[in-house]
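Trainee: The structure follows.
The values are calculated or read from the model by the stated rules, or taken from the named source; none is laboratory data. What you see is a predicted model; the values in this text were computed from it and never measured. We work out accessible area using only protein heavy atoms, side chains counted, and drop any ligands, DNA or RNA first. Shrake-Rupley method; radii C 1.70, N 1.55, O 1.52, S 1.80 Å.
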Amino acid sequence: MVTMERDTETVHEAYSFVCLHCGHGWEEEYEIRHTTDLAGHRRADYFTRGVRVASPLTRNDCPSCNLGPIRILRPGRVNTARTYLA
């Protein structure tokens, strides 16, 4: 089944993450495409480096230790923390 789209808006957002288990911190930028289909249903698709990925708001495992929990911070917070830890 092909879904026709009526409207698409693209925004760019960045998030900082920190693992509360191991302390690993990282940042990721996302291209978020907000789409409204002809029936009026809205959805958001997240892309990183051109690849569709799950919403960062649903991520619950750390890429370093594969555990968690994960805390989401404002963009730039990981680099600021690393400056003071050095």
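Trainee: Using a 1.4 Å probe and ignoring any ligands, DNA or RNA, find the accessible area of T10 and quote it in Å² to the nearest 10.
Mentor: 70
Trainee: I would also like to ask the following. Looking only at Cα atoms, what is the convex hull volume of the range 3-56 per residue, in Å³?
Mentor: 91
Trainee: Also: At a probe size of 1.4 Å, how large is the accessible area of Y30, to the nearest 10 Å²?
Mentor: 20
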